[in-house]
Each structure stands twice: as C-alpha cells, then as structure tokens.
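Q: Structure below; questions to follow.
The values are calculated or read from the model by the stated rules, or taken from the named source; none is laboratory data. Treat the numbers as computed from the prediction; the structure is a model and nothing was measured. When we count neighbours, we look across all protein chains shown, and the Cβ atoms used for this are built from the backbone with ideal geometry, even at glycine.
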Amino acid sequence: MAQAQEAPIAPPPTVVIGDVPAEGGMALLMVGADTTPEGFVEVLRSAGCEAEVVTITSGGAFELYAPAAPPFANASFPAMLEAGRGVLVRCAEPTVVDAHLLRLVSKDRPLPEGFVPQGLTPLSSELVMPGGGPAYLTEEAADALAQLIEAGDRAGQELRVRSAYRSYAEQVATYQYWVDVLGEVEANRRSAVPGHSEHQLGVVADVTSASVGWELEPEFGETPEGRWLKQHAWEFGFVESYPQEAEAITGYDYEPWHIRYVGKTHADWIRLTGLTLTEYLAQVDVDLD
Ligand SMILES: [Zn+2]
C-alpha cells in the first residue's frame, strides 16, 4: 500500500484524510491490501458513482460511503488508511436497499418466530447433493446459486447443496439434536438457537463436495472445491458468513460451507473492505419490523 506506485492512468489528485469534499459530503475510501484502487473504482462506477484514484498523503481512520446502502453513509469503520493510494467517491443518489437481504441475524439478533421469506422456490434437484432432500431458497438466491454451481461445474469443481431454507420448526429439531449429541455449550457453537439461524432467511445454503463425503466439516475449506468457492462466491453475490478465526465476531466456528446471498454489490463491498458479514451488516443496521 505505502510503496511507490507504477504510473497511474491519470495524475491522481492529492487528498489528506479528513478532506471530504463539501459538495455531497462523500468519502475517501481506503483500498484493502489485496485489492487495487482500480477495482474499487470499477465497482463504484457500476453503482452509478463518480470515483477516482487519489494519493493519500497521511494515514488515519477512514470513512466509507456505500452507495447501495443509505444507512451506511459515512459510517466509521474500525480500519486504518495507509498513506498510498485510495479512491475518492461521490455518489449523488443512493439506490434503494432490499432490507431483507441485509438483515443481521446472529446470536443477539433473532428473527421473529413466524418469519417466513417471500418467494421460496425449490432448488433444481441437480443442485442438491446425492441423496439430499428438497431444498428451498428465495427465487433471487436460487437463481444466483444455480449460476454459482454451474460455474463450479465448468471449472471442474463440483459443489452441491446439503441444506438451504430452514423453517423455525426445523431449527427447533436441529438444535435439539445437537444439544442431545454435544450438550448445550458445544451445541451453541455448532447450531443456532431456534429463531437465530440465517437459514430462516431463505438466502443461505450449506454447500459441500464429494471430497468430504458431502459432510459439513471445516476440512471442506481446504478442498479444491472449498477453495474455489471461497475465491468465487462473491462473483455470484454470496459471502461466507462464518470465516476462519472470526468466532469472537460472528459467534460461530469456522463454516466454510455456509454461504449467504447478499447480492453482487454488497458481496463485492464485503470482499473489498475485508469486513466479516457480521460487521458489515451491523454497520448497515437495517431497521425492520
Ligand atoms: Zn449453514
């Protein structure tokens, strides 16, 4: 980040942190160590924003303005901006957010018992693992998942769905199973207390592969299929809800198989900011009900 740069496309303006342009009150973005400012610019422009690469002359905390999420505007993130290059962005018209897609569901934030997502649709049996039962997602998530799995097939990485939508009643049964098998403390790390499962949203799938016997185990993350999924899920609007070494933030053990659909724009933001989904959704803090 801080090292000398190869020649940029146009001479970048110099910006000091804190110098948010008065007109529009838009923000300066940092660029994660594993991404390029140009990548950010592309995303921002596709979201209808003006964006340009700038030189950052001093580091500090940064502010992020996410065009697709109005409540997100000018949220402060627990991240530091390094001297180097960043992106200056002006987005005049925030687009409307699908609040449901960005709803935070966690151990502290349950869904109402009666919550059932609209538009649940059965997944094609070709997307489900051998011997798997019927699986449902919302139409948008189901379409995106079909595209993800087909892309995996084309890349020689056969991923299939083990479970998807889980109703409140099913969560009661699943949770009770784990309490019986593991006891309450371990069950809480492994499974959600009823009403606290992201699966109830209808936009979450557990996907796995033959190389781990279609089981849901952390080793899946190290298989070629698991690695492909980690690398490409965002391209189809999916994010890993429970990444490695994030239990203190997410409340869950590493679950490389558990992916949630948030749409391409947000999946890309999450990738670019390096935040966990939990942190990102807490910032969005969609007000519902
Ligand atoms: Zn899951």
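Q: Would you mind finding the one in 184, 126, 198, 139 that is touching a Gly at 6+ places or on another chain (Cβ under 8 Å) and acidic (Asp, Glu)? Outline the logic, then answer.
A: On the way: 184 fails: touching a Gly at 6+ places or on another chain (Cβ under 8 Å); 126 fails: touching a Gly at 6+ places or on another chain (Cβ under 8 Å); 198 fails: touching a Gly at 6+ places or on another chain (Cβ under 8 Å).
The unique qualifying residue is 139.
Q: Could you tell me whether residue 237 is under 20 Å from residue 155 (Cα atoms), touching a strand residue (DSSP E or B) at 6+ places or on another chain (Cβ under 6 Å) and away from the ligand (no atom under 13 Å from the Cβ)?
A: Details: under 20 Å from residue 155 (Cα atoms): yes; touching a strand residue (DSSP E or B) at 6+ places or on another chain (Cβ under 6 Å): yes; away from the ligand (no atom under 13 Å from the Cβ): yes.
Yes.
Q: Can you tell me how many residues within the range 195-208 are touching a Lys or Arg at 6+ places or on another chain (Cβ under 7 Å) and more than 8 Å from the ligand (Cβ to nearest atom)? Step through it out loud before you land on a result.
A: Taking the range 195-208 first, the residues touching a Lys or Arg at 6+ places or on another chain (Cβ under 7 Å) are 196-201, 203-204, 206-208.
With more than 8 Å from the ligand (Cβ to nearest atom) added as a condition, the list becomes 196, 200-201, 203, 207-208.
Of the residues in the range 195-208, 6 are touching a Lys or Arg at 6+ places or on another chain (Cβ under 7 Å) and more than 8 Å from the ligand (Cβ to nearest atom).
Q: Given 178, 214, which one is in the same structural domain as residue 151 (by TED's automatic domain parsing), under 21 Å from residue 134 (Cα atoms) and modelled with pLDDT of 90 or more? Working first, answer last.
A: Values: 178 fails: under 21 Å from residue 134 (Cα atoms).
Only one candidate qualifies: 214.
Q: Restricting to the range 163-175, name every residue that is away from the ligand (no atom under 14 Å from the Cβ) and either under 20 Å from residue 251 (Cα atoms) or not assigned by TED's automatic domain parsing to the domain that holds residue 136 (or both).
A: Hits for the range 163-175 are 168, 172.
Q: Cβ-Cβ distance below 6 Å, separation of 6 or more or different chains: which pairs start in the range 158-175 with a residue that is touching a residue at least 60 places away in the same chain (Cβ under 8 Å) and closer than 24 Å to residue 148 by Cβ and end on one that is within 13 Å of the ligand (Cβ to nearest atom) and of a type in the set (Asp, Glu)?
A: Once the first residue is touching a residue at least 60 places away in the same chain (Cβ under 8 Å) and closer than 24 Å to residue 148 by Cβ and sits in the range 158-175, its partners that are within 13 Å of the ligand (Cβ to nearest atom) and of a type in the set (Asp, Glu) give 162/206.
Q: Being at pLDDT below 95 and of a type in the set (Gly, Ala, Ser) is the requirement here; does residue 248 meet it?
A: Details: at pLDDT below 95: yes; of a type in the set (Gly, Ala, Ser): yes.
The answer is yes for residue 248.
To keep it simple, each residue is scored yes or no on (1) farther than 16 Å from residue 135 by Cβ; (2) of a type outside the set (Gly, Ala, Ser).
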{"site": "174", "(1), (2)": "no, yes"}
{"site": "188", "(1), (2)": "yes, yes"}
{"site": "194", "(1), (2)": "yes, yes"}
{"site": "229", "(1), (2)": "yes, yes"}
{"site": "233", "(1), (2)": "yes, no"}
{"site": "244", "(1), (2)": "yes, yes"}
{"site": "251", "(1), (2)": "yes, no"}
{"site": "263", "(1), (2)": "yes, no"}
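Q: Filter the helices (runs of 4 or more DSSP H) completely within the range 173-289 down to those with at least 2 residues that are more than 21 Å from residue 120 (Cβ to Cβ) and among the hydroxyl-bearing types (Ser, Thr, Tyr). Steps first, please.
A: Details: elements: 184-190, 224-232, 247-250, 264-273, 277-284.
Per the criteria, 264-273, 277-284.
For (1) in contact (Cβ under 8 Å) with a residue 24 or more places away in the chain; (2) surrounded by fewer than 19 Cβ atoms within 10 Å (Cβ to Cβ), each residue gets a yes or a no:
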residue	(1), (2)
193	yes, yes
197	yes, no
203	yes, no
213	no, yes
224	yes, yes
227	no, yes
231	no, yes
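Q: Is one or more of the residues making up the range 242-259 within 14 Å of the ligand (Cβ to nearest atom), aliphatic (A, V, I, L, M), within 23 Å of residue 112 (Cβ to Cβ) and touching a residue at least 12 places away in the same chain (Cβ under 8 Å)? If you could, list the steps in order and put the result at the bottom.
A: Taking the range 242-259 as the starting set, the residues that turn out to be within 14 Å of the ligand (Cβ to nearest atom) are 242-243, 250-259.
Add one more test, that the residue is aliphatic (A, V, I, L, M), and what stays is 259.
Next, only the ones that are within 23 Å of residue 112 (Cβ to Cβ) stay: none.
No, that holds for no residue.
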